[in-house]
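My questions all concern the structure below.
Read the figures in this text as sums done on the coordinates, not as results from a lab. Since the structure is predicted, the reported quantities are computational estimates derived from the model, not experimental observations. Here the Cβ positions follow ideal geometry from the backbone for every residue, glycine too, while neighbour counts run over all protein chains shown.
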Amino acid sequence: MAQGEYEVECPYCGVNLFIVIGEEGFFSCSDDYALGDVEKSLLRAADPAELEGLAERLHDQALADGQPVVAERLLYLFGQSSCTDCGTGFSVADRVIANAMPTW
Ligand SMILES: [Zn+2]
């Protein structure tokens, strides 16, 4: 539940990145992190006060449902990441939605 692992493409260089949001942390990396020694780029959480639209509704709903862990993960999903290859920053949610909707 609320464990997120998404495969996205860097909007600049097109490299495949894994976005990991869950018990192992909040980061992106360019290779299969399960293999171990890969470069990780930490995600930057969104400011709850600056959420709007769908992000705000999902975050409010998670808190209303007594799901603070889910609410925190949503802040990372709607936060910022950067490519481990070229350093380009991008919105995590924009890239995830460009590929597939999250399952939670
Ligand atoms: Zn890149």
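Highest first, please rank the peptides 76-88, 11-23 by the mean number of other Cβ atoms sitting within 10 Å of their residues.
76-88, 11-23
Using the Karplus curve 6.51 cos²θ - 1.76 cosθ + 1.60 with θ = phi - 60°, what ³J(HN,Hα) values do you get for each residue of segment 47-53, in whole Hz, with x for Gly and Pro?
So the Karplus estimates, Gly and Pro as x, are 7, x, 5, 9, 5, 8, x Hz.
Another question, if that's okay. So what J values fall out for segment 75-86 if you push phi through Karplus, 6.51 cos²θ - 1.76 cosθ + 1.60 with θ = phi - 60°, rounded to Hz, Gly and Pro as x?
For segment 75-86, the Karplus-derived couplings read 5, 6, 4, 9, x, 10, 10, 9, 6, 6, 8, 10 Hz, x marking Gly and Pro.
Another question, if that's okay. Using modelled backbone amide H atoms (1.01 Å from N, in-plane), which distant-in-sequence or interchain residues come within less than 5 Å of Thr88's amide H?
Excluding prolines and chain starts, which carry no amide H, the hits are Cys83.
When the Karplus curve 6.51 cos²θ - 1.76 cosθ + 1.60 is applied with θ = phi - 60°, which whole-Hz ³J(HN,Hα) does each residue of segment 63-74 get, with x for Gly and Pro?
Karplus-based 3J(HN,Hα) across segment 63-74 equals 5, 5, 7, x, 10, x, 5, 5, 4, 5, 5, 4 Hz.
Hey, could you grab the Kirkwood Rh for segment 4-99? Inverse mean 1/r over distinct alpha carbon pairs, Å, one decimal. Before the final figure, lay out the partial values.
Values: mean 1/r = 0.0739 Å⁻¹.
One over the average 1/r among Cα pairs gives 13.5 Å for segment 4-99.
Same structure, new question: Find how much the distance from Glu24 to Lys40 grows on full extension, using 0.36 nm per residue of separation minus their present alpha carbon separation; answer in nm with one decimal.
On the way: separation 16, 0.36 × 16 = 5.76 nm, distance 1.18 nm.
The span from Glu24 to Lys40 would gain 4.6 nm if fully extended.
Pulled fully out, how much extra length does the chain show between Asp85 and Leu63, if you take 0.36 nm times their separation in residues and subtract their Cα-Cα distance?
Result: 4.4 nm gained on full extension.
Further, regarding this structure: Which cross-chain or sequence-distant (5 or more) residues have an amide H under 5 Å from the amide H of Val15, H modelled 1.01 Å from N in plane?
The list, which skips near neighbours in sequence, is Cys10.
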